[in-house]
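J.: Below: one structure in structure tokens.
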């Protein structure tokens, strides 16, 4: 893989979840390959986001190429949050991985690497969504990360998996 010019970070924390999605891997990958659809849980108000939402910005490749840039920004409890991600792996219809670049401004996690893998199972697919993360660098976010980082990682990965299941359960293509 080519050097994409970003720092490799050690990620001491990990969470993953799995789900069976009632669609072929090609269809599931095509849907999850759109960062706006995959991260829809971040752009809708929710309790985990304290009622706030994040805006998602994409480069010309729309997040669908190695090296693609994805940005998110918003305000939670009056605090400005922002991050930039770069796609580091993309192997349709099997695997996609992205990670933060620059200095993310988040409340409970710092730098992270996230992705999904699909394994065909007949007319369905086994979806595995994962996140590896580090604590935020500064206080009080570092302290909040020790307390709430695992809860957030679980919510985010499970939300992505459940959203994919729900879309294809309702007959979406």
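J.: Can you spot a residue in the range 155-169 that is at positive phi and either at pLDDT 95 or above or part of a strand (DSSP E or B) (or both)? Steps first, please.
T.: Applying the first criterion (at positive phi) to the range 155-169 yields none.
Checked against the condition, which is being at positive phi and either at pLDDT 95 or above or part of a strand (DSSP E or B) (or both), the range 155-169 yields no hits at all.
J.: Among the numbered criteria (1) surrounded by fewer than 17 Cβ atoms within 10 Å (Cβ to Cβ); (2) modelled with pLDDT of 90 or more; (3) part of a loop (DSSP other than H, G, I, E, B), which single criterion is violated by residue 44?
T.: (2)
J.: Okay, next question. Can you find a residue that is in contact (Cβ under 8 Å) with a residue 24 or more places away in the chain, more than 21 Å from residue 163 (Cα to Cα) and assigned to a loop (DSSP other than H, G, I, E, B) anywhere in the range 82-102?
T.: no
J.: Then there is this: Can you name the residue in the range 131-146 that is closer than 14 Å to residue 103 by Cβ and surrounded by 13 or more Cβ atoms within 10 Å (Cβ to Cβ) and, of all such residues, is nearest to the chain's Cα centre (by Cα)? Even if it seems obvious, please write down each step before you answer.
T.: Narrowing the range 131-146 to residues closer than 14 Å to residue 103 by Cβ: 134-138, 141-142.
Within this subset, residues satisfying the condition of being surrounded by 13 or more Cβ atoms within 10 Å (Cβ to Cβ) are 134-136, 141-142.
On the way: 134: 15, 135: 16, 136: 17, 141: 19, 142: 20 Å.
In this case the residue turns out to be 134.
The values are calculated or read from the model by the stated rules, or taken from the named source; none is laboratory data. Worth saying up front: this structure is predicted, and the values here are computed from it rather than measured. Note that each Cβ is placed from the backbone with ideal geometry, even for glycine, and that neighbours are counted across all protein chains shown.
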